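Input: a single structure, listed below in structure tokens.
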Amino acid sequence: MSAFRDYLSAVWNVLRKDFHVEWRGRQGVPVMLVFALLVVFLFNFALQLSPDLQAGLAAGLLWVSLAFASTLGLNRSISLEQENKAMDGLLLAPVDRSAIYFGKVLSNFGFTFLVGLVLLPVFSLFYQQNMFKPLLVLVLVLGLGAYTSLGTLLAALSIQTRTRDVLLPVLLYPLALPILIAAVEASRGILAGQPITDYQSWLTFLLACNILFAAAGLMFFETILEE
Amino acid sequence: MTKKPKRLTFLDILCLILVPAALVLILFFTPTERVMGPVQKVFYFHVSAAWAGMLSFLLAAAAGAGYLITREQKWDWLSLSTIEVGLVFGLIAILSGMIWAQPIWNTWWVWDPRLTTTAIMELIYLAYFILRSSLDTIESRARLGAVYAIVSAATVPLTFFSIRLFRTIHPVVIAMGGSGGSAFNMTPRMLLAFFSSLFVFTLLLLDLVWHRYRLARLEAVNRGEGV
């Protein structure tokens, strides 16, 4: 049992460290947030959206801006560790390396979830509909959880290439597509006020994606980082 | 090793005979579909190519697992070969589907989930080559390529699932019957041609992968790695 406690405390320490770094530097969340807002503005003009947006469009816009913005955070969370060879220090720690992975996933999730929470009232304001719904927050948790589980794994992978972090979007977006589709469909159902039975299968699907990609991280994170 | 194995030559000849034979079967043996007319005959090679593509991506994941377990280069060659050949089959499936869709759906392309996910699958495996080319050592190419091939293959069943979960206009030919058994909406002659093309395309896949595998091995020998 205490082995499991050690594992959890390793996860917690990585998570706490990341939040510490973020709190001191404030270079992750604000950048993601501004970027997400810029995406919203760009789409607004590129697609000539009207303020009384349909539920489907608002849901899609929310998830596209979140997906784009979180790539910045995902890249940063791994490239940060490459500075001063901090990653080597992490890897030298006598803990299971998947603990580092889950710590990173949780911190990435925390940051992107914060961005999502700020975006909800902004969207409500811009597009004249209440997006602060408990179920939508649940979709944010499930969708961003799956997205950051996969994203953290692929960020660790892409950082090892010659092109460094440039590769992450190319690897992440196509693989994350099922997550995005499910998240958008569930959000659309919620915003359109449909009964929960209409989009329940999407929530289950997202939950399955969480488990699947977390399992992939558990299995492969160590393989990716070995030298 | 440079000598071509007899069994490969046999497989070559078998494919050279059987692919035209399947074509003859499709063109002259099967009845013309009542509603769609002759264009329905695209279906046989379309589904077979899609099947061969999917199968090769699954084989790539299995070969990736083989590499991660044994760390022998030959598994990486196999993984690379199956993905390269699978990409071509996927492209054939998409293009032949377009030829069918033009008269039937009156458009070359619809943003149907099944079509979109197949196209995304192609992009996923195109990114595999970008990933490989931006890695410097042979070992990291094999290791990270294997991880990527396995994680990507997780999206192949998602693609297949999507036809059930999404509302789609893509025909479901092999439908699950109400009693649990599967029912084919085809006449016996159609079934025969269908399974023949599936079989022939599987053989063709094996043949091409085998050739590509030998090429990968020759490349390694040429680079001066002992085999």
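The alpha carbons of region A:123-227 give a radius of gyration and a Dmax of 16.1, 52 Å, in that order. Taking only the alpha-carbon atoms of region A:33-148, what semi-axes of the equivalent ellipsoid follow from 5 times the gyration tensor eigenvalues under a square root, in whole Å, largest first? For region A:33-148, the semi-axes come out at 33, 15, 9 Å.
Share of pairwise Cα-Cα distances greater than 37 Å in the protein assembly as shown is 35 percent (whole percent).
What average number of partner chain Cβ atoms lie no more than 10 Å from the Cβ of the residues making up A:156-163?
Numbers: counts 2, 8, 4, 0, 8, 10, 4, 5.
So the per-residue partner count for this stretch is 5.
For the residues of B:121-131, the average number of beta carbons from a partner chain within 10 Å of their own beta carbon is 4. Label sites at A:Ala46 and A:Lys17, each approximated as a point 7 angstrom past Cα along Cα to Cβ, lie 3.7 nm apart. Count neighbours as other Cβ atoms within 10 Å of each site's Cβ, and list the trypsin sites (Lys or Arg not before Pro) in region B:49-114 that are DSSP loop with at most 16 such neighbours. Filter output for region B:49-114: B:Arg71. Would you compute the Debye intensity of chain A from its alpha-carbon atoms alone, equal scatterers and no solvent, and pass along log10 I(q)/I(0) at q = 0.14 Å⁻¹ to two decimals? Log10 of I(q)/I(0), two decimals: -0.87.
Take every pair of alpha-carbon atoms less than 8 Å apart whose residues are at least six positions apart; their mean separation over the length of region A:63-159 yields a relative contact order of 41 percent. Distance between the modelled labels on A:Glu226 and A:Tyr7, one decimal in nanometres: 1.9 nm (7 Å Cα→Cβ projection). Along the axis of the charge dipole computed for the protein assembly as shown (Cβ charges of +1 for Lys and Arg, -1 for Asp and Glu, origin at the Cα centre), the listed residues A:Ser77, A:Met219, B:Ile120 are led at the positive end by B:Ile120. Over region B:96-139, all Cα pairs binned in 5 Å intervals from 0 give whole-percent P(r) values of 6, 18, 18, 15, 12, 10, 8, 7, 4, 2, listed from short to long. In this entry, chain B is assigned a mean projected area of 14.4 nm², taken as a quarter of its C-alpha convex hull surface. Expressed per residue, the C-alpha convex hull volume of region A:54-96 stands at 58 Å³. Give me the accessible area buried between chains A and B, both sides summed, with a 1.4 Å probe, in Å² rounded to the nearest 100. Heavy-atom accessible area buried at this interface is about 2300 Å². Taking each DSSP H run with n ≥ 4 as -39500 (n - 2.57) and averaging over every residue of chain B yields -25000 deg cm²/dmol at 222 nm.
The values are calculated or read from the model by the stated rules, or taken from the named source; none is laboratory data. Fair warning: this is a prediction, and the values are worked out from it, not measured in the lab. Note that we place each Cβ from the backbone using ideal geometry, even for glycine, and neighbour counts take in every protein chain shown. Side chains included, ligands, DNA and RNA excluded: accessible areas come from the protein's heavy atoms. Shrake-Rupley method; radii C 1.70, N 1.55, O 1.52, S 1.80 Å.
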